[in-house]
Every structure is written in C-alpha cells, then in structure tokens.
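Chemist: For reference, the structure I am asking about is given below.
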Amino acid sequence: MKTKNSIWQWFVHIVLLILSAFCLLPFILLFITSFTDEQSILRHGYSFFPRAFSMAAYQYLWHDIDRILHAYGITIAITVIGTATGLIITALLAYPLSRKDMPFSRFWSFVVFFTMLLNSGLVPQYLVYTQLFDMKNTLLALIVPGLLMNAFYVMMMRTFFASSIPFPVIESANIDGAGEFRTFVQIVLPLSMPILATVGLFQTIHYWNDWFNGMIYITDSKLFSLQNLLNRILLDFDFLTSSNFSGNSGDIFADVPKETVRMAMAVIGIVPILIAYPFFQRYFVKGLTIGAIKG
C-alpha cells in the first residue's frame, strides 16, 4: 500500500513539475529573446538557444533611463499606497458583513454583490472623477478609479472571515472587555494573513500592470506610471518604424531592433512582480483555497 502511494506521489510530482516548466517557458523565452540579435530573430525565428547575442534593445531603452526610473518610482508609490489602502478598506467592509449579529448584513452583502453586475460606463466615470473629484493629473487618478475597491475581493474576504475566524474567539474577546475595533485589529487580522496576502497580491498585480487609468486621466508626463510610459514608448516606436512614416527619419529608425525592444520592455515590466511573488506564494495558495471553497 505504501509503495502504491509512493509511486502515485512521484507521478503527481512529475506531472506538476512538467506543468510548472510549461508555465515558465514563455518567461524564459521572453528573457532570452530580449538579449537576441534582431537579424537572428528575423532569419531564424524565436529560439531558446539564440545564434547571436545582442544588447541593442536595452541600449535603445537606456536613452530613456531617466524617464523609466521616474516611472518606476511612480508605479512603486501607487502600488504600495493603493494596495495598503485597498486592503484596509476591503477588510473594514468585509469584517462587519461576515458577522451574523450585524443588522441587515445580508442586505448590505447583496448591495456589494450588486455592484459586480453593473458598470456605469467610461464616460460617466470619467466625468465623475475629473469634474466632481478633480483627480485629473493627480496620483489619486492612478489609485482610485477601478482599482482601490473591488466587490469580488470584499466577498472573498467576507467568506474567509465567516468560515475561518471562530465566533467564540470574538465572543471571548468581547467578554474580556475588548471593543470591536480592538478585536478586529488584535485578533481577526493576525488570523487572516492568508486572505490578506491573497487580496494584497491581486491588488499589487493590478496596480503594477495598470496602464488604462494613466491613458485616460494623465496627460502630465511627470506622472506617467511604468506601464503607461512603456505603452507610449511602444506606440511612438511603432510609428517611427512603420512603413507609413516617410522621410529621412524613417531610414534612421529602420535599423532599430523592433522585436527585441518589445521583449525588453516586457522584461522591465514583469521582473519586479516575478521577484515578489515567491514571498507571497505560501499565503496566496492557502488564502485562495480557504476563501474560495466555503461559502
């Protein structure tokens, strides 16, 4: 019996290892391609074993290093501030909704859920944030619209609180004289690290990868986030290297590495997230499974 279990475990591990390798291969190919010579790609296609090594793509982007570093700073700032603020607001809303002794908790839960079904549309949203709240060309425009609050995260965190935080523990804290806020901060939050890390990772990825808010609300180049800056560089790059761009400038940019620059831009954008993910993985898996199964 033990032999069969051991063989089965080895089989499962090998299958998972193969699947993990398939998940990593695109990132490895992306990284290798960014260091490949442009002509080699045009002649032989993409390869894990490039025929010619080249730093031309990163040399091209090095000319914009000041703007890229500034955009990195903007992105890090909005990611940290937005994720921390979003976690606090989400937890403060999800916790009372998880309490069965809260009056009309089901009604307010439905109100939160109802926001997932309807979308006001881009034009009303733009008018509200720019005309009413005057957020255009501010960091708040990169933090608040569509990112700071997510009803799905509220419901997921509510489910975790209701299924994983024993109510007798909360009652014991109240009997010992702890108020609701103290119970929430000193008892509930320390027991909720898995779901906090899960939601925090989701929000971090959303803030880091967001370029839409920058495109809609930001026209000041000093406030460009990393993704927004890379997107604008890519658009300018495509225009300058297109066949429709006439004149001597078109000949100058004809030799610019088109494919490898795109890959290098992708590497610059995703490397920080790939580095940060392993630190959240343990909490992420646990929080995702506990919060999603029980309802």
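Chemist: Using alpha carbons only, how many degrees (0 to 90, rounded to 10) separate the axis of helix 2-34 from the longest principal axis of the chain?
Modeler: The helix 2-34 is inclined about 40 degrees to the chain.
Chemist: Between residue 176 and residue 10, what is the FRET efficiency for a Förster distance of 30 Å, r being their Cβ-Cβ separation, to the nearest 0.05?
Modeler: 0.05
Chemist: Taking amide H atoms as placed 1.01 Å from N in the peptide plane, list the residues 5 or more away in sequence, or in a different chain, whose amide H sits under 5 Å from that of residue 36.
Modeler: 54
Chemist: A further question on this structure: Taking other Cβ within 10 Å of each residue's Cβ, how do 135, 193 sort, fewest first?
Modeler: 193, 135
Chemist: Another question, if that's okay. Among 201, 185, 212, pick out the residue whose Cα is farthest towards the positive end of the charge dipole of the range 64-293, where Lys and Arg carry +1 and Asp and Glu carry -1 on C-beta, about the Cα centre.
Modeler: The residue sitting most towards the positive pole is 185.
Chemist: Also, I was wondering about something else. If you look at just the Cα atoms of the range 64-293, how large are its Rg and its Dmax in Å?
Modeler: 22.0, 80
Chemist: If the label point is 7 Å along Cα→Cβ of residue 133, which residues in the range 183-214 have backbone nitrogen under 13 Å from it?
Modeler: 213
Chemist: Also: May I ask for the angle, rounded to the nearest 10°, between helix 226-241 and the longest principal axis of the chain, with both axes built from Cα atoms and the value confined to 0 to 90°?
Modeler: 20
Chemist: Another question about this same structure. Determine the dipole magnitude for the chain: charges of +1 sit on the beta-carbon of Lys and Arg, -1 on that of Asp and Glu, nothing else is charged, the reference point is the Cα centre, and the result goes in debye to the nearest 20.
Modeler: 1120
Chemist: Another one. What is the packing order of peptides 153-159, 126-132, taking the mean over residues of other C-beta atoms within 10 Å and listing the highest first?
Modeler: Answer by packing, highest mean first, reads 153-159, 126-132.
Chemist: For 218, 270, what's the fewest-to-most ordering of other Cβ within 10 Å of each Cβ?
Modeler: 270, 218
Chemist: Counting helices only, and only those DSSP H runs with n ≥ 4, report the 222 nm mean residue ellipticity of the chain as the sum of -39,500 (n - 2.57) divided by its residues, in deg cm²/dmol to the nearest 500.
Modeler: -22500 deg cm²/dmol
Chemist: Turning to a different aspect of this structure: Could you state the number of Å between the C-alpha centres of the range 146-168 and the range 96-124?
Modeler: Each part's Cα centre sits 12 Å from the other's.
Chemist: Filter the trypsin sites (Lys or Arg not before Pro) in the range 96-140 down to the DSSP loop ones having no more than 14 other Cβ atoms within 10 Å, then list what survives.
Modeler: 100
Chemist: Just to be sure I understand the curve: with the Debye formula and one point per C-alpha of the range 18-78, what is log10 I(q)/I(0) at q = 0.15, 0.16, 0.21, 0.28 Å⁻¹?
Modeler: -0.64, -0.70, -0.86, -1.02
Chemist: Can you give the FRET efficiency for residue 43 and residue 271, using 1/(1 + (r/R0)^6), R0 = 25 Å, r = Cβ-Cβ distance, to the nearest 0.05?
Modeler: So, using R0 = 25 Å, E works out to roughly 0.35.
Chemist: Also, quick follow-up: Cα axis of helix 258-293 to longest principal axis of the chain: angle in degrees, 0 to 90, nearest 10?
Modeler: Approximately 10 degrees, to the nearest 10.
Chemist: Identify which of 228, 174, 209 has the largest mean-square fluctuation in a Gaussian network model of the chain, with springs joining Cα atoms closer than 10 Å.
Modeler: For the chain, modelled as a Gaussian network with Cα springs under 10 Å, the answer is 174.
Chemist: I'd like to know which of 226, 11, 137 lies farthest towards the positive end of the charge dipole of the chain, counting +1 on Cβ of Lys and Arg and -1 on Cβ of Asp and Glu.
Modeler: 11
Chemist: Let me spell out the model: positive unit charges on the Cβ of Lys and Arg, negative unit charges on the Cβ of Asp and Glu, origin at the Cα centre of the range 1-154. What dipole size does that give, in debye rounded to 20?
Modeler: The dipole magnitude comes to about 700 debye.
Chemist: Over the range 89-136, consider all pairs of different Cα atoms and compute the Kirkwood hydrodynamic radius from their mean reciprocal separation; express it in Å, one decimal.
Modeler: Roughly 12.9 Å, rounded to one decimal.
Chemist: Using the charge dipole of the chain (Lys, Arg: +1 at Cβ; Asp, Glu: -1 at Cβ; taken about the Cα centre), state which of 175, 279, 57 has its Cα farthest towards the positive end.
Modeler: Going by the charge dipole, the pick is 175.
Chemist: Right, here's the next one. Can you pull out the chymotrypsin sites (Phe, Trp or Tyr not before Pro) in the range 50-105 that DSSP calls coil and that have at most 10 other Cβ atoms within 10 Å?
Modeler: Passing both the DSSP loop test and the Cβ count: 104.
Chemist: Using the count of nearby Cβ atoms within 10 Å as a rough guide to exposure, how do 101, 37 rank from fewest to most?
Modeler: 101, 37
Where a number appears in this text, it was derived from the coordinates with a stated rule and is not lab data. Small disclaimer: the values here were computed from a predicted structure and weren't measured. We place every Cβ from the backbone using ideal geometry, glycine too, and count neighbours over all the protein chains shown.
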